[in-house]
Amino acid sequence: MIEIFCLGGGAGGAIASVGVGSNGGGNGGCSSGIVRGIIPAFLLPDSLYILVGKGGAGSTGNATNGGVGGISYIGLQPSISEQTLICKSSTSTPNNSATGPTISTVALSAFGNLGLFTAIAGVGASAGGTSTPTQGGSQASLGTSIITSGGGGGGKTAATFAVGGNITSASVILTSQVNGGVTDAQDGDSGYGTLIPFCGTGGAGGAGRQGATGAGGRGGNGFYGCGGGGAGGGQTATGTKGGDGGDGIVIITVIT
């Protein structure tokens with residue numbers, strides 16, 4: 001039997017509109033979808049072709065989303081044509097929307113019918129904090145998936161700033177909270193994770209920049225398949241950045 005774990009790349013964090021007044025923080029990046037499956041080895045050729053999705057780069061421009069995460073593919077030919085695929089990590093690419101990438105189905109991977117597969121949709125992005133200002137949206141690790149999206153950046157006004165969104169800790173395995181920026185324009189922490197058991201977190205959001213000058217805090221980078229954190233609100237995008245989404249990973253093992 002051949003066992004497959006297929007994870008795509010997470011999306012990069014965004015930068016919201018910047019300016020001297022009140023501004024919101026950038027959205028975090030969505031996490032990737034996941035596909036797990038098992039296939040009798042005698043039904044497969046000796047060689048398989050794998051394309052691992054890259055994580056999206058964090059935004060560096062005013063009012064700009066982060067880069068989308070790449071889909072990971074496993075197939076019988078060096079092609080992403082659905083007629084040649086065993087599986088792909090999701091149907092759509094992770095981005096900065098509240099809805100995660102849509103779940104992959106066997107109908108979109110013809111040779112997935114040779115085995116038994118389970119697909120999990122990606123986690124939607126956390127929203128950036130508003131210009132009131134409010135804290136960027138947070139995520140809970142090991143909630144609906146073994147990976148998370150990135151936290152949102154905090155908003156700001158001329159008089160004050162809001163903190164970035166956190167990735168809260170779980171009671172087991174992922175015990176450390178990933179903290180958003182908590183001081184003026186502080187960067188969010190990068191996510192972390194483990195390979196055994198496999199799980200991880202996105203990056204946290206940057207804090208907003210108080211006042212009429214300067215950039216908000218940077219978003220933290222995501223673990224494999226996780227989203228980057230959103231940048232905090234500021235007067236300029238120069239000097240800040242959304243966190244990078246984590247690259248995908250494909251693991252194939254033989255069960256004898």
> What residue among PRO133, PRO78, PRO45 shows peak mean-square fluctuation when the chain is described by a Gaussian network model with Cα springs under 10 Å?
Replying inline: PRO45
>> Students often get this wrong: which residues of segment 140-156 have the backbone nitrogen under 19 Å from the point 7 angstrom along Cα-to-C-beta of GLN177?
In response: 140-144, 148-155
>> Suppose every Lys and Arg Cβ carries +1 and every Asp and Glu Cβ carries -1, with no other charges. What dipole size does the chain come out with about its Cα centre, to the nearest 20 debye?
In response: 340 debye
> In nm, to one decimal, how far is the SER47 label point from the VAL254 one, both placed 7 Å along Cα→Cβ?
Replying inline: 1.7 nm
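Using a 10 Å cut-off on Cβ atoms, rank the peptides 179-187, 240-248, 98-106, 68-76 from the highest mean neighbour count down.
Values: 179-187: 23.4, 240-248: 33.0, 98-106: 18.6, 68-76: 25.0.
Top of the packing list down: 240-248, 68-76, 179-187, 98-106.
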> For segment 153-256, what is one quarter of the convex hull surface built on the Cα atoms, given in nm²?
Replying inline: 7.0 nm²
>> Need one number: convex hull volume per residue for the chain, Cα atoms only, in Å³.
In response: 96 Å³
>> Just to check I understand the Karplus step: with θ = phi - 60° and J = 6.51 cos²θ - 1.76 cosθ + 1.60, what whole-Hz values come out for segment 116-132, glycine and proline as x?
In response: 10, 10, 10, 10, 10, 5, x, 8, x, 6, 7, 6, x, x, 7, 7, 5
> With labels modelled as points extended 7 Å from the Cα through the Cβ direction, what inter-label distance (nm, one decimal) is found for THR238 paired with THR213?
Replying inline: 1.2 nm
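No value in this document is a laboratory result; all are computed from the given coordinates. Keep in mind that this is a model prediction, so the values were computed, not measured. Please note: Cβ atoms are built from the backbone with ideal geometry, for glycine as well, and neighbour counts cover all protein chains shown.
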